[in-house]
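Below are the structure tokens for one structure; questions will follow.
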Amino acid sequence: MKLTQEQLDIIKSKGNIKINAVAGSGKTTTIIEYAKTRPKHSRILYLAFNKSVKIEAEKKFRDKKLSNVQVETAHSLAFRYIVMGSIYKIKNEYKTNEIAELLGLQGDGEKHAEYIVANHINKFIAYFCNSDKRNIKDLNYLDIVTDSKAQNFVRKFYPYIEKQTRLLLAKMNKGEIDIIHDFYLKKFQLSSPILPYDYILFDEGQDASPAMLEIFLKQKAIKVIVGDTHQQIYGWRFAVNSLEQVDYKTYFLSTSFRFGQDIANLAMRILNWKSHITDYIPMIIKGAGEQKPTTTTIKKKVGKNTKTKAVLARTNLGLLLLAIEYVTEKKKVKQIYFEGNISSYTYADEGASLYDVMNLYYEKHHLIRDKMIASMKDIDELKDYIEKTEDVQLGMMLEIVKKYGDEIPDIIKAIKDKHVNKDEKEKAEIVFSTIHRCKGMEYDAIHLAEDFITEKKIKAAKDKEDGQLEASNSWLNEEINLLYVAVTRAKSQIHIPSSLMPESFPASPQIHLINIPPAKEVVAETKNKVNSKKDSLNAYSPWTEEEDLELTQLFCNGINPNTIANHFNRTRGAISARIKKLELRDIYG
């Protein structure tokens, strides 16, 4: 492929640099070309964000015969230095009830206080292990607790929470209990390692933890950090935007080869919402992808069954609600796929399942498997626990249970019956994913849930704070980033709720509004047309571009063909013919 001038400038650069790369801008290609031009005897380390990116990068470097490049994640590197050959055994995570039992936590008379304390210990450990601090006392855990009820609980138990957090870490350090992944990364950072490389290429730098960043910055190698300042979406995992914290010469990759200019314009307008909360310097994105690929073109490129359509949501709850809609109302959809393990959408991180919450809700205690949920008398006690721990996942599960009740088992079964395995993902008619699970991926067409931040909410937050927005700036910034990441997963088409659209932003063949116009308004308008009979049928008159766009919107919104026909004052046959001509069933079916 022909490299852009921006890419060539990076490849020819010298010394430590940082690269701010927009979504789909070919940053991996650029880094590979950068590595190719370094001296052949150079030892190069490429730090990938996660295991899947690592596997993909290893293949790309291998295909280019760059045997002097070693690909690692921060955790795989830390594992090699800390865990291999040691006494340590690894556990993915500790559940709340396991921590309570390991430490013999006391409740001090408050209901389920031992579990609430255990929940905060878990979070305190994550906070410390991802930080660059050397001691627990260098951090104030209250800095990351936002809910007033949770803050009151933590203040009351703070000395106890801090003491037990140090005790659990000490048990891990001595090998008395299994260690978690965050622990050995922290131990690696505290060991101040000097890595034997001449160049270190740090990908997805916007989502680095302070611990990872400190390891990187202390190295003597020539350092290249690459990422997108607007794709930082792991603040909840204590990530810091490393690109903004390093004083290296800055290079840019502003051309996206993934999508066309319409989608690029939408992404830029969404990012401009940041001007409501801070002094925002507009980001320039050039869309060099195909502006309007046809179904035929896509089939020629990747085959009929591999054209990807995805439903993307901000939260597990938003995603499950849309998945339920698809399996219960859109019967033609036979095969679906969830990014990540499908079970992860019905289980909280700490082990409680959607079924446990449902059984507590219906007072079927004998069916509850999770020890912590089983210890609760009723759903009010669960609500109290959620408030005192800020457990968002359990809160979402409770909302699903309230909405669907005892229909949940049948609904989840219907979803799983249609779910294909990972190695058969290309057979799926629709892929479902949260934004955190699909980061780095791309799809031909995407449908967004309505659970993202809106410009209206950002303005409301600004007005509410009345000049004291500083405290919530970080949260609002990341919420905007999530929507930006979502829309930039699309290669060809985006179906977006009207509430998420920037003000006065036009729809286009690439960007379709969901629920515009609302079904009830279309039906009402249709009845008026039929009753008044002012217009004659125009089945054979030419279709305008505006009518094609409106037809696409109505089709995607599931409006009945007869209603659509009456809406346009055309015959049903004319509507069917136009739908076929525009290949709407193939693209959005």
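What percentage of all Cα-Cα pairs in the stretch 52-197 are separated by more than 18 Å?
Value for the stretch 52-197: 63 percent of Cα pairs lie more than 18 Å apart.
Could the peptides 126-138, 13-25 be put in order, highest first, of the mean number of other beta-carbon atoms found within 10 Å of their residues?
Listed from highest to lowest mean packing, they are 13-25, 126-138.
In the chain, with Lys and Arg counted as +1 and Asp and Glu as -1 at Cβ, which of these residues, Val224, Ser375, Leu3, has the Cα nearest the positive end of the dipole, that is, farthest along it?
Leu3
Lys and Arg at +1, Asp and Glu at -1: add these up for the other residues within a Cβ distance under 10 Å of Gly15 and post the number.
Details: positive: Lys14, Lys223, Lys249; negative: none.
Neighbour charge sum, excluding Gly15 itself: +3.
Tell me which residues come under 5 Å, amide H to amide H, from Ile180 once H is placed; ignore anything under 5 positions away on its chain.
So Ile180 has HN proximity to Lys91.
Oh, and also: Which links in Lys123/Lys187; Lys51/Lys309; Lys330/Lys413; Lys332/Lys491 stretch past 20 Å when you go from one Cα to the other?
Lys51/Lys309; Lys332/Lys491
While we're here: Output ³J(HN,Hα) for the stretch 60-68: one whole-Hz value per residue in order, computed from phi by the Karplus curve 6.51 cos²θ - 1.76 cosθ + 1.60 with θ = phi - 60°, and x for Gly and Pro.
Per-residue couplings from phi come out as 5, 5, 5, 4, 8, 6, 9, 6, 8 Hz.
Where the convex hull is taken over the Cα atoms of the chain, what is its projected area averaged over directions, in nm²?
Values: hull surface 121.3 nm².
Averaging across all directions leaves 30.3 nm² for the Cα convex hull.
Across the stretch 198-206, in residue order, what do the Karplus-derived ³J(HN,Hα) couplings come to in whole Hz, using 6.51 cos²θ - 1.76 cosθ + 1.60 with θ = phi - 60° and x for Gly and Pro?
8, 9, 10, 10, 9, 8, 6, x, 5
Treating only the Cβ atoms of Lys and Arg (+1) and Asp and Glu (-1) as charged, compute the dipole magnitude of the stretch 210-268 about its Cα centre; round to the nearest 20 debye. Walk me through the intermediate numbers first.
Values: 6 positive and 5 negative charges, 57 e Å.
Computed charge dipole of the stretch 210-268: roughly 280 debye.
To continue, here is another question. How much net charge surrounds Lys64 when only the other residues with a Cβ under 14 Å from the Cβ of Lys64 are counted, with Lys and Arg +1 and Asp and Glu -1?
Here the count lands on +3.
With unit charges on the beta carbons (Lys and Arg positive, Asp and Glu negative) and the dipole taken about the Cα centre of the stretch 382-496, which residue among Thr434, Ala490, Gly405 sits farthest to the positive side?
My answer, from the dipole projection, is Ala490.
Net charge around Leu271, counting only other residues with Cβ within less than 13 Å of its Cβ (Lys, Arg = +1; Asp, Glu = -1)?
With Lys, Arg at +1 and Asp, Glu at -1, the neighbours total -2.
Express the accessible area of the stretch 1-105 per residue in Å², computed with a 1.4 Å probe while the remaining protein chains stay in the model. Could the numbers behind the result be given before it?
On the way: 5610 Å² over 105 residues.
Normalised by residue count, the accessible surface of the stretch 1-105 is 53 Å².
Moving on. Hey, what number do you get for the chain at 222 nm if only DSSP H runs of n ≥ 4 count, each worth -39500 (n - 2.57), divided across all residues, to the nearest 500?
On the way: 25 runs with 267 residues, N = 589.
Rounded to the nearest 500, it is -13500 deg cm²/dmol.
Turning to a different aspect of this structure: Whole angstrom only: what separates the Cα centroid of the stretch 317-370 from the Cα centroid of the stretch 378-454?
Between the Cα centres of the stretch 317-370 and the stretch 378-454 lies a distance of 7 Å.
Okay, moving on. Run the reach check for Lys364 against lysines, Cα to Cα strictly under 19 Å, same-chain hits fewer than 8 apart removed. What comes back?
Lys377, Lys383, Lys402, Lys403
Also, I was wondering about something else. Suppose every Lys and Arg Cβ carries +1 and every Asp and Glu Cβ carries -1, with no other charges. What dipole size does the stretch 300-453 come out with about its Cα centre, to the nearest 20 debye?
Working: 26 positive and 28 negative charges, 231 e Å.
Roughly 1120 debye for the stretch 300-453.
Next up: Restricting the calculation to Cα positions, tell me the Rg (one decimal) and the Dmax (whole number) of the stretch 114-273 in Å.
Rg and Dmax of the stretch 114-273, Cα atoms, are 19.3, 57 Å.
With the convex hull built on the Cα atoms of the stretch 31-105, state its orientation-averaged projected area in nm².
It is 7.1 nm².
Let me ask something additional. What full-extension length gain, to one decimal in nm, is calculated for Arg62 and Asp548 as 0.36 nm per residue of separation minus the Cα-Cα distance?
170.3 nm
Further, regarding this structure: Summarise the accessible area of the chain (1.4 Å probe, protein heavy atoms) by the percent that is carbon and sulfur.
For the chain, the apolar C and S fraction of the accessible surface comes to 50 percent.
Given the convex hull over the Cα atoms of the stretch 369-508, what projected area results after averaging over all orientations, in nm²? Spell out each step's value before the answer.
Values: hull surface 49.5 nm².
So the mean shadow area of the Cα hull is 12.4 nm².
In addition: Take the alpha-carbon centre of the stretch 71-91, take the same for the stretch 172-242, and report the distance between them in whole Å.
After rounding, the separation between the Cα centres reads 13 Å.
With every protein chain present, what is the per residue accessible area of the stretch 169-245 (1.4 Å probe, Å²)?
Numbers: 2580 Å² over 77 residues.
I get 34 Å² per residue for the stretch 169-245.
Which whole-Hz couplings ³J(HN,Hα) result when phi for each residue of the stretch 104-121 is put into the Karplus expression 6.51 cos²θ - 1.76 cosθ + 1.60, θ = phi - 60°, listed in order with x for Gly and Pro?
Computed from phi, the couplings for the stretch 104-121 are x, 5, 10, x, 6, x, 7, 4, 6, 4, 4, 6, 5, 4, 4, 4, 5, 4 Hz.
Please give the peptides 379-389, 492-502, 327-337 ranked by average Cβ packing (other Cβ atoms within 10 Å per residue), highest first, as a rough proxy for protection.
Packing order, densest peptide first, comes out as 492-502, 379-389, 327-337.
The values are calculated or read from the model by the stated rules, or taken from the named source; none is laboratory data. Predicted model, so just to flag it, every value in this text is computed and none were measured. Virtual Cβ from ideal backbone geometry, glycine too; neighbours counted across all protein chains shown. Keep in mind that these areas ignore ligands, DNA and RNA; they rest on the heavy atoms of the full protein, side chains included. Shrake-Rupley method; radii C 1.70, N 1.55, O 1.52, S 1.80 Å.
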